[in-house]
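In what follows, a single structure is set out as structure tokens and then discussed.
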2 protein chains.
Amino acid sequence: MPTIIEALQYRYATKKFDANRAATDAQISELKQAVQLSASSFGLQPYRILVVSNPAIKKDLRAAAYDQSQVSDAGHIFIFAAKTSMSAEYIDDFIKMTATQRDIPVDVIEGYGEYIKGSVLSKDEEFIVAWNKRQAYIALGTLLAAAGELKIDTCPMEGFEPAKFDEILGLKEKGLTACVIAPVGFRSEEDNSQHYAKVRYPLGELFL
Amino acid sequence: MPTIIEALQYRYATKKFDANRAATDAQISELKQAVQLSASSFGLQPYRILVVSNPAIKKDLRAAAYDQSQVSDAGHIFIFAAKTSMSAEYIDDFIKMTATQRDIPVDVIEGYGEYIKGSVLSKDEEFIVAWNKRQAYIALGTLLAAAGELKIDTCPMEGFEPAKFDEILGLKEKGLTACVIAPVGFRSEEDNSQHYAKVRYPLGELFL
């Protein structure tokens, strides 16, 4: 197992995927588990993820992503979709799930549910969507690190038309909107960008 | 070295840190490197990070974080501060840095700089700040995963007053605003929450 630093050095935004090699079911399952374990505010995980491998859907998504080849060449496309709202019902369900998973009576943590409601339900929709998206980006960071450790390649992408993605994937009806995607697969030998030096601000500039 | 899944299972939002045990300089240096290697849109890293270990400053920060003990008990506080703007100058400097780090003439990638400018400079300030914050959240996800792998504890927190943090740390003058923080150190034996089962949506619900 590489160290996290080695994993992060291995990863890069893969521009050209090997269209003939997809991650295995076991690998995708491990990546899903990593995303599931990602941290989020209050633990609400206010996003859902679609993993698209169907070639016809990938073709449609590629057309809605400025024809970038990663979206059809990679075996799997992880689409992070933020919830477009936050409701008392969602928080109540979350509290019930917490009680179940911790095997405690729900009334022990009802106060926590009320605390969450007090913190977030007064916020306007724009704030909530932005907040939900930020939580999804933590999950994206978790996916990229996990994939790097497994030597699976990814390409985090914001260059797509969210409204079109939402339509193709039926996200709007589900109260979701696509906010960031990551094709997942393996780098093509032809992808020259794998040989480029990683560009990063020096520690002394990035850390004040 | 634990696997990434083991690392993510080990980590939890630490409520009570051991105030007598801080991460070593070598550990903090490794965490900084992980954050430095985190992905960001176009590679712009539109955020900066402060690592505060000074007890007096931690005390002030704690007061601006609803008196949560993590902010003074943890040895180090990572403060992610998003840039409050994006400018042609920043992008030009980024392109120059890219050319230097890749050892190529700057004119080879000037077109890429113009492309980035075309994508982002037309956006309004609100969009840019939200976008910059999202990039910082990828870095937060990277930090949490890296710390978990190193068996260092963290507590991602949004529960603080950004305006007060900005003032205490002089961030506004630097064109930055605190968006999320993570105390870094080691869990106290007394922290009961380390024994709670991790609560997560089942894979079948989280993944559509």
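Just a few scattered comments:
- The angle between the Cα long axis of helix B:25-36 and the longest principal axis of the Cα atoms of chain B comes to about 40 degrees, rounded to the nearest 10.
- Over 27 Å (Cα to Cα) - which of A:16/B:123; B:59/B:172; A:198/B:172; A:83/B:59; A:96/A:164 fall in this group: A:16/B:123; A:198/B:172; A:83/B:59; A:96/A:164
- Whether the stretch A:19-71 is rounded, prolate or oblate, judged on the alpha carbon gyration tensor where a/c under 1.5 counts as rounded: oblate
- Range in chain B, longest, excluding exposed trypsin sites (Lys or Arg not before Pro) [loop by DSSP; at most 15 other beta-carbon atoms within 10 Å]: B:22-122
- Note: the protein assembly as shown, Cα convex hull, 139 Å³ per residue.
- When residue A:21 is represented by a point 7 angstrom out along its Cα-to-C-beta vector, the spacings to that point in the other copies are 4.2 nm, nearest first.
- Our note on the geometry: Cα centres of the stretch B:41-101 and the stretch A:110-176, 22 Å apart.
- Chain B: angle of helix B:110-120 to the longest principal axis, Cα-based, in degrees nearest 10: 60
- Fully extending the segment from residue B:192 to residue B:21, taken as 0.36 nm per residue of separation minus the present Cα-Cα distance, adds 59.8 nm.
- The mean sequence separation of alpha-carbon pairs under 8 Å and at least six residues apart, normalised by the residue count of the stretch B:63-208, gives a relative contact order of 38 percent.
- The base-10 log of I(q)/I(0) for chain A, evaluated at q = 0.13, 0.15, 0.18 Å⁻¹, reads -0.81, -1.01, -1.25 [Debye formula, identical scatterers on Cα atoms, solvent excluded].
- Remark: label point of residue B:3 defined 7 Å out from Cα along the Cα-Cβ vector; separations to the same position in other copies 2.2 nm, ascending.
- Taking the longest Cα principal axis of chain A as reference, the axis of helix A:125-149 is set at about 50 degrees.
- Shape of the stretch A:130-208, Cα gyration tensor, a/c cut at 1.5: oblate
- Cα centre as origin, Lys/Arg/Asp/Glu Cβ charges: chain B dipole, Debye: 360
- Comment: the Cα-to-Cβ extended label point of residue B:126, at 7 Å, lies 0.2 nm from its counterparts in the other copies, nearest first.
- Exposure proxy shown here: for A:190, A:158, the number of other Cβ atoms within 10 Å sets the order, fewest to most, as A:190, A:158.
- Residue among A:85, A:51, A:65 farthest towards the positive dipole end of the stretch A:40-123, charges placed on Cβ: A:65
Each value in this text was obtained by applying a stated rule to the coordinates, not by laboratory testing. Quantities reported herein were computed from a predicted structural model and do not represent experimental measurements. Because the Cβ atoms are built from the backbone with ideal geometry, glycine has one as well, and the counts that use them run over all protein chains shown.
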